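These notes concern the structure reproduced below.
The values are calculated or read from the model by the stated rules, or taken from the named source; none is laboratory data. This is a predicted model, so every value here is computed, not measured. In this analysis, Cβ positions are derived from the backbone assuming ideal geometry, glycine residues included, and neighbour counts consider all displayed protein chains.
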């Protein structure tokens, strides 16, 4: 496919937009986001899985903007919690939950559990005039017993990626982007549009 000049990212999350901008800018691709369309309504993430939510958002924003649209949904899947919080990661401690609330609930639910293995999984959907594609990235690791680090967002202070001694919140953004679930999914997308 022809490399687009502009891509719409279906996100208003400044952290996520900045992460993606750092990866896409060197390719000369301009980014637009929901911050450029402040009057647009929120897309309800009501699908049963990450793939469904990502595709729903990408389709909605493509129809609204006419721009090739990229949307993602990310979940933290904790083995001892049967894959929870999963698709509910952003609202694990309730609809108005802060990152801190979600992390605190996770640590509380894992108290006393030996198995702390987990993975972050991101599914990116890309919708254009005549194509729809999904790209998945995962990062295996485990949940720490306490928060560590000041960088990143969400569950980053308690997620220790495999073969690392630092949580996502202790890694530089470059290090995190190289190994993160979102970074891996976006890398597959970049190879596709390359």
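Residues in the range 13-33 that are touching a strand residue (DSSP E or B) at 6+ places or on another chain (Cβ under 8 Å) and over 20 Å from residue 180 (Cα atoms) were compared, and the one that is surrounded by the fewest Cβ atoms within 10 Å (Cβ to Cβ) is 30. The set of residues in the range 12-26 being part of a helix (DSSP H, G or I) and either within 16 Å of residue 185 (Cβ to Cβ) or modelled with pLDDT under 80 (or both) consists of 15, 16, 17, 19, 20, 21, 22, 23, 24.
With respect to the numbered conditions (1) in a loop (DSSP other than H, G, I, E, B); (2) under 20 Å from residue 16 (Cα atoms); (3) at pLDDT 95 or above, which one is the sole condition not fulfilled by residue 83? If we test residue 83 against (1) in a loop (DSSP other than H, G, I, E, B); (2) under 20 Å from residue 16 (Cα atoms); (3) at pLDDT 95 or above, just (2) comes out false. Take the conditions surrounded by fewer than 19 Cβ atoms within 10 Å (Cβ to Cβ) and touching a residue at least 12 places away in the same chain (Cβ under 8 Å) and apply them to residue 63. Does it pass? So residue 63 does not fit the description; no.
Is at least one residue of the range 43-56 part of a strand (DSSP E or B) and either out of contact with any strand residue (DSSP E or B) (no Cβ under 7 Å at 6 or more places or on another chain) or under 29 Å from residue 178 (Cβ atoms) (or both)? Within the range 43-56, none of the residues are part of a strand (DSSP E or B) and either out of contact with any strand residue (DSSP E or B) (no Cβ under 7 Å at 6 or more places or on another chain) or under 29 Å from residue 178 (Cβ atoms) (or both). Based on this model, can you work out whether residue 38 counts as touching a residue at least 60 places away in the same chain (Cβ under 8 Å), part of a loop (DSSP other than H, G, I, E, B) and surrounded by fewer than 18 Cβ atoms within 10 Å (Cβ to Cβ)? Taking the combined requirement at face value, the residue does not satisfy it. The selection criterion, being crowded, with 16+ Cβ neighbours inside 10 Å, touching a strand residue (DSSP E or B) at 6+ places or on another chain (Cβ under 6 Å), closer than 14 Å to residue 155 by Cβ and modelled with pLDDT of 95 or more, holds for residue 78.
Scanning the range 86-101 for residues that are in a loop (DSSP other than H, G, I, E, B) and either without any contact (Cβ under 8 Å) to a residue 40 or more places away in the chain or surrounded by fewer than 20 Cβ atoms within 10 Å (Cβ to Cβ) (or both) yields 88, 92, 93, 94, 95, 96, 97, 98.
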